[in-house]
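J.: Provided herewith is a single structure, encoded as structure tokens, for subsequent inquiry.
The values are calculated or read from the model by the stated rules, or taken from the named source; none is laboratory data. As the structure is a computational prediction, the values presented were derived from the model and not from experiment. With ideal geometry, Cβ positions are generated from the backbone for all residues, glycine too; neighbour counts draw on all protein chains shown. Protein only, heavy atoms only, side chains kept; ligands, DNA and RNA dropped before computing areas. Shrake-Rupley method; radii C 1.70, N 1.55, O 1.52, S 1.80 Å.
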Amino acid sequence: MALARVLVDPAAGAAPQGGVPLDSGPGQYSAVLPGGDHGDGPALKAEVEAARDTDGTFAEGRAVTDVRLDIHADYEVFGVELHGSPGTKRSLRLKVRNNGPGNPGSGTRLVFTTPSGAVLKEPMEVADEDSYEPHCDSGDGTYNCRLDELGPGESRDFEFTLRLDGPGEGSVTLQDASPSTSRRDVNLGNDTAAVTVLP
């Protein structure tokens, strides 16, 4: 019989689960730590079942299973107002913050739809030694920027410089890169904000 062990980080989106034989306990350099808060799920209990594999199936060494936790992460974006006449250059920072409580890892993207005007400067990243490339994919006035892992309480800024072309309104919004993203944001109302140009 094996003893299941789950160690949970409340900020993480997954937890490692391992098993050790009850008659031998954890292996060298391993330990089963006592204490910790009890969960609110049903109590686990052992049940005897009829043997389905008379030869038995055994494995040596360590076996680990990742257990996905139902912990959401509330990401928030913030609106920006720019003031200036046509031809004026203005810099803006698009901010994303993880209000917690979870850390979903990577898998979310920031999408910036520009107001009227031209983008003169966009976020860059190191491509090679002394070489840089745009951090965001762009086309038709939209910049799609990868958002790397963002822990609870952490934020990330994306800086752009625009040449204004009169009043107008764009937007900044968050999109999950795939349906498997574990963000599970329960507050979608702060996933979109306006980027406004005023006289």
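J.: For Arg97, state whether it is open to solvent by 20 Å² or more (accessible area, probe 1.4 Å), assigned to a strand (DSSP E or B) and either at pLDDT below 95 or within 15 Å of Pro167 (Cα to Cα) (or both).
T.: Criteria not met by Arg97.
J.: If you don't mind, there's one more thing I want to ask. When Thr108 is evaluated against the numbered criteria (1) modelled with pLDDT under 75; (2) under 25 Å from the mean Cα position of the chain (by Cα); (3) of a type outside the set (Lys, Arg); (4) open to solvent by less than 90 Å² (accessible area, probe 1.4 Å), which criterion, by number, is the only one it fails?
T.: (1) is the only condition that Thr108 fails.
J.: If you go through the stretch 132-150, how many residues are at pLDDT below 90 and either in a strand (DSSP E or B) or open to solvent by less than 80 Å² (accessible area, probe 1.4 Å) (or both)?
T.: 1
J.: Run Leu120 past the list (1) among the aliphatic types (A, V, I, L, M); (2) open to solvent by less than 70 Å² (accessible area, probe 1.4 Å); (3) in a strand (DSSP E or B) and report the number of the one that doesn't hold.
T.: Condition not satisfied by Leu120: (2).
J.: If I ask for residues that are within 18 Å of Gly107 (Cβ to Cβ) and either among the acidic types (Asp, Glu) or open to solvent by less than 20 Å² (accessible area, probe 1.4 Å) (or both), which ones from the stretch 151-171 would you list?
T.: Gly151, Glu154, Phe158, listed by residue number.
J.: For the list (1) within 24 Å of Val186 (Cα to Cα); (2) modelled with pLDDT of 60 or more, I need the number of the one condition that Thr65 fails.
T.: Checking Thr65 against (1) within 24 Å of Val186 (Cα to Cα); (2) modelled with pLDDT of 60 or more, the one that fails is (1).
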